[in-house]
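Reading through the structure tokens given below for one structure.
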Amino acid sequence: MSPAAGSRRGARALSWAAAAALVALPLLSGKFATYLGVRVALLAIFGTGYNLLLGRTGLLSFGHGGFYAAGAYALGLCSLHLTAHPLPGLALALAAGAAAALVVGFFCIRASEVYFSMLTLAFGMLIFAVVWNAREITGGDDGLVGVMRAPIALGPLRLDIAGERAFYLLAVALLAGSLWLAHRLRRSPFGLTLAGIRENPVRAEFAGVPVRRYRLAAFVISGAYAGLAGGLEVLLESNARPTMAHWTHSAEPILVSLLGGLHSLLGPAVGSLAFVALREVVQRFTENWMLAFGVVLLVIILGFRGGIVGAVEAGLRARRAGRAAP
Amino acid sequence: MSAPLLEVRGLSNHFGSVCTARDLSLSFAEGELTSVIGPNGAGKSTFINLLTGHLPVQAGQVLFRGRDVTGLAVHQRVRLGMGRSFQIANVFPGLTVLENVLIPALALAGRAGRPLSRISGEREAREQAQGVLSRVGLGAEAERPASALSHGDRRLLEVAVALASRPALLFLDEPTAGMNPVERTRLLEGIRALSAGGQTTFVLVEHDMDVVFALSARVVVLHRGELLCDGPPERVRADARVREVYLGHEVEEAAP
Amino acid sequence: MQSIVHVVLAGLSNGMFIWLVASGLTLIFGVLGVLNFAHGSFYMLGAYVSFSLVRALSPHFYLAMLFGPLVVCLAGWAVERWFLRAVYRLELPYQLLLTFAFVLIFDNLVKIVWGAGALHPPPGLGPLEGSVEILGRKFPIYSLFVIAVGPLVALALWALLERTWIGRIVRAAASDREMAAALGVRVPALFTGVFIFGTWLGAVGGALAVPYVGVLTPGMGESIIIEAFIVAVLGGLGSLKGAFLGALVIGVLNAFGTRFFPAFDMALIFLLMAAVLLVRPRGLFGVARS
């Protein structure tokens, strides 16, 4: 068996184990664990989309909190002023995230490297400033409050998502869909072309690829994921807050991608699980969650750049090699 | 004889106060293997960068098959049939050899943007990519990561990536730099065969005089951004000015 | 009229703090090629350490101002020597995220040592108390002092880089690392030195801010680093001239925004940065790095 096939099998086994654990979690534990499960799922959707940009296309954006917030406020406003039905709200959230990313991306995509990162940071903070200041529409620093979690009604079908468990299952289903889409994108010609742009943008241009347009497409897709995650958070917490657009929130999908592994499909999802779990555990014992996470981050950057998934894969490979050799 | 494959009219370029191209006008005919030579700083790389769109043209015109391409983006020129390789091996290091060649093949077929179909199902592009790999002698390496190739093989792969766009005109920027003699011979034979095949017209930028005079039907000499001499190898070799500014320089260097 | 003069003066003194942070940031980027998120943390550490020293060494205010930033330089040395050096050859995201990890670590350490709440330096802490009358309204002397310090630092930096032997080496290493190394410059040591010097500039900004800002919080580094980023990017990363001008513009624009368009004060800066980068993708005085 080739090592590539081996690592694929390892990744698959890991993914099923993670999926099973994720779904089983609320069935085994209480309400708070279910709530945390939803948070993991939302962060994983955010991160999975984001990593199509960072891990796949090689672009480091510091503005995705802005698209998250665009989705959140889109759903919040839709729910408060148009209809409380979650489906149009979520569709609108997704579209708002994509649209915001399209506008911002149009301006940022021409900048290279550090300038791209800084420009996205500035636009993200611009969204933060707008949300903060447009008090009449967004509620300013109080945010949008009082969003209901209405049932999903499809003709005669009524899906009540007010309960934590039902909402958790909805979030997991949407995460599964997000992962499936990311998976398809990664193994498509489009995904290969994005990887080519990451590896060598100049060569990609000379291979006949309109690099800017592809980068923009990846940017918009990741923005749509962010918008969806933002909309879901409003349903979860029943409010939208300007801090969602703040750059410290934009750092979260970067951190979970890195934690889980930049170069694997499941990296950001695994990273989200680890991130939320770590935060809960550390906060139980000490106030110093940021310190702990900073140290974890250092360890990953200096020693485990493949992230958790990369380390597990390397471990599986080593074990197999050990078994193969007598 | 129809319009030349590529025509350059009055091309000029400056970097600050340094002139890297001064009112260059010349054309490349289909099927004629041409080498561009000149001492360091003659503006050879700039010349290629200008023609392929890697650098914006400050003054002058570039016509490809009679069509003005001066304002076109790089990828648009590639689609029209202009390709290039780089001085430093310039491939997609983290991808496999086959994937390296698939990217231009998919882009050429207009299928690179398909978001939901599978790579494994892109039969035509895969066949084309495999064909290009075997033509340059990398057929057996298809599944290896490009970063694992030897330096010479990586240069070959770069030529393969360029060829996969099916260029009518292909610029090779010092293709044999850093190669060992065996690899060099292999690559030159390949270029000769491909050139004779007639689908691609090659323009080489070269340092190595043996390569230039062995392969070229025509030699263009640049010096400080200006066209110094242009003609068949024998005539260029005999040209007094070329001997003075270029070969003389070489001879001096070569003398112990 | 008088209110406009006062708004400009307030903007200039705010701008000088941003300049002190941005100068170190852009110097480090220019030479090392690393954009340091933790630079705001050095500013914050400079403020906290100096504040503690002011209390310990009271009434020797100047000694505290001198030693506080030097203590912070130790942190800068540790970051460069033991961590940053390991990631120079990695891609940009890893470098940025490494420095981001230090933002988390330093912010948290400050909370552990000094508490999570705000610290309020008592009024009349430093020298240069009181105010002078400018166009019929009072203006703090200390702010005038800060406005004077900024250009002095700029001048000193310029002289250091353009007129001294060490400045020539730094500039050579900035434009071509390999060449400098080939000429016998010990590039790693030089990088450490430049990083420590940049750290010192940021920490001095923090120390000077102690009597000025009136409140120290563990988040003060995060807010100034964003402003310093904007200033450095606006002026062109690596350009000290650009950072100085950018800091003046942002400081004054900020002051006008707060005074006249309080609803847009934050948005104004980000819009300006976006607008400049659209016209000049590498900032006002930026040059392409080879």
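Assorted remarks:
- A single entry from A:131, A:202, A:145 fulfils the requirement of being surrounded by fewer than 17 Cβ atoms within 10 Å (Cβ to Cβ) and touching a Ser or Thr at 6+ places or on another chain (Cβ under 8 Å): A:145.
- Selection count, segment B:142-184, where residues are aromatic (Phe, Trp, Tyr) and either surrounded by fewer than 18 Cβ atoms within 10 Å (Cβ to Cβ) or over 18 Å from the mean Cα position of the chain (by Cα) (or both): 0
- Test: residue in segment C:88-99 that is at pLDDT 90 or above and of a type in the set (A, V, I, L, M): yes
- The set of residues from segment B:188-228 being modelled with pLDDT under 85, under 19 Å from residue B:7 (Cβ atoms) and of a type in the set (A, V, I, L, M, F, W, C) comprises just one member, B:227.
- Some residue of segment B:147-159 being within 12 Å of chain A (Cβ to nearest Cβ) and part of a loop (DSSP other than H, G, I, E, B): no
- Any hit, segment B:174-192, residues being in contact with a strand residue (DSSP E or B) (Cβ under 8 Å, 6 or more places away or on another chain), in the same structural domain as residue B:5 (by TED's automatic domain parsing) and not in a helix (DSSP H, G or I): yes
- Scanning segment C:1-49 for residues that are over 21 Å from residue C:73 (Cβ atoms), of a type in the set (Ser, Thr, Tyr) and under 11 Å from the mean Cα position of the chain (by Cα) yields no hits at all.
- Each residue in segment B:116-141 was checked for being under 28 Å from the mean Cα position of the chain (by Cα) and either under 21 Å from residue B:190 (Cα atoms) or among the small types (Gly, Ala, Ser) (or both), and 16 of them qualify.
- From the options A:226, A:269, A:251, A:217, residue that is within 12 Å of chain C (Cβ to nearest Cβ) and small (Gly, Ala, Ser): A:251
- Residue A:177 vs. criteria at pLDDT 90 or above, farther than 16 Å from residue A:215 by Cβ, within 20 Å of the chain's Cα centre (by Cα) and not aliphatic (A, V, I, L, M): yes
- Checked across segment C:108-130, the condition of being in contact with a strand residue (DSSP E or B) (Cβ under 8 Å, 6 or more places away or on another chain), within 14 Å of chain A (Cβ to nearest Cβ) and modelled with pLDDT of 85 or more holds for at least one residue.
- Every residue from segment C:32-75 that is among the polar types (S, T, N, Q), assigned to a loop (DSSP other than H, G, I, E, B) and surrounded by fewer than 19 Cβ atoms within 10 Å (Cβ to Cβ): C:58
- Filter pass, residue B:3 being in a loop (DSSP other than H, G, I, E, B) and of a type in the set (A, V, I, L, M): yes
- Here segment B:111-146 is the region considered, the condition is being in a helix (DSSP H, G or I) and hydroxyl-bearing (Ser, Thr, Tyr), and the residue that is nearest to the other protein chains (Cβ to nearest Cβ) is B:120.
- Helices (runs of 4 or more DSSP H) wholly inside segment C:89-176 that include at least 1 residues being of a type in the set (Lys, Arg) and in contact with a Pro (Cβ under 8 Å, 6 or more places away or on another chain): C:92-114
- Count of residues meeting criterion [of a type in the set (A, V, I, L, M), more than 13 Å from chain A (Cβ to nearest Cβ) and touching a residue at least 40 places away in the same chain (Cβ under 8 Å)] in segment C:72-85: 2
- The condition of being in contact with a Leu (Cβ under 8 Å, 6 or more places away or on another chain), of a type in the set (A, V, I, L, M, F, W, C) and without any contact (Cβ under 8 Å) to a residue 40 or more places away in the chain holds for residue B:50.
- When the criteria are applied in full, residue B:164 meets the requirement of being closer than 18 Å to residue A:197 by Cβ, modelled with pLDDT of 90 or more and in contact with a helix residue (DSSP H, G or I) (Cβ under 7 Å, 6 or more places away or on another chain).
- Applying the set (1) over 29 Å from residue B:199 (Cβ atoms); (2) among the acidic types (Asp, Glu); (3) within 17 Å of the chain's Cα centre (by Cα) to residue B:23 leaves exactly one unmet item: (3).
- You will find that of B:220, B:212, the residue that is assigned to a strand (DSSP E or B) and touching an Asp or Glu at 6+ places or on another chain (Cβ under 7 Å) is B:220 and no other.
- Counting only helices (runs of 4 or more DSSP H) that fall entirely inside segment A:199-292 and contain at least 3 residues that are within 20 Å of residue A:52 (Cα to Cα) and without any contact (Cβ under 8 Å) to a residue 40 or more places away in the chain, the qualifying elements are A:201-206, A:211-237.
- In segment A:155-168, the residues that are without any contact (Cβ under 8 Å) to a residue 60 or more places away in the chain and among the hydrophobic types (A, V, I, L, M, F, W, C): A:157, A:159, A:162, A:166
- Screening B:77, B:84 for residues that are surrounded by 21 or more Cβ atoms within 10 Å (Cβ to Cβ), out of contact with any Asp or Glu (no Cβ under 9 Å at 6 or more places or on another chain) and modelled with pLDDT of 90 or more leaves exactly one candidate, B:77.
- Counting only helices (runs of 4 or more DSSP H) that sit completely within segment C:181-290, those holding 1 or more residues that are within 14 Å of chain A (Cβ to nearest Cβ) and surrounded by fewer than 21 Cβ atoms within 10 Å (Cβ to Cβ) correspond to C:220-235, C:240-260, C:265-279.
- Within segment B:89-110, the set of residues being more than 7 Å from every other protein chain (Cβ to nearest Cβ), surrounded by fewer than 24 Cβ atoms within 10 Å (Cβ to Cβ) and in contact with a strand residue (DSSP E or B) (Cβ under 9 Å, 6 or more places away or on another chain) comprises B:96 only.
The values are calculated or read from the model by the stated rules, or taken from the named source; none is laboratory data. As the structure is a computational prediction, the values presented were derived from the model and not from experiment. A quick note on method: Cβ atoms are made from the backbone with ideal geometry, for glycine too, and the neighbour counts reach across all protein chains shown.
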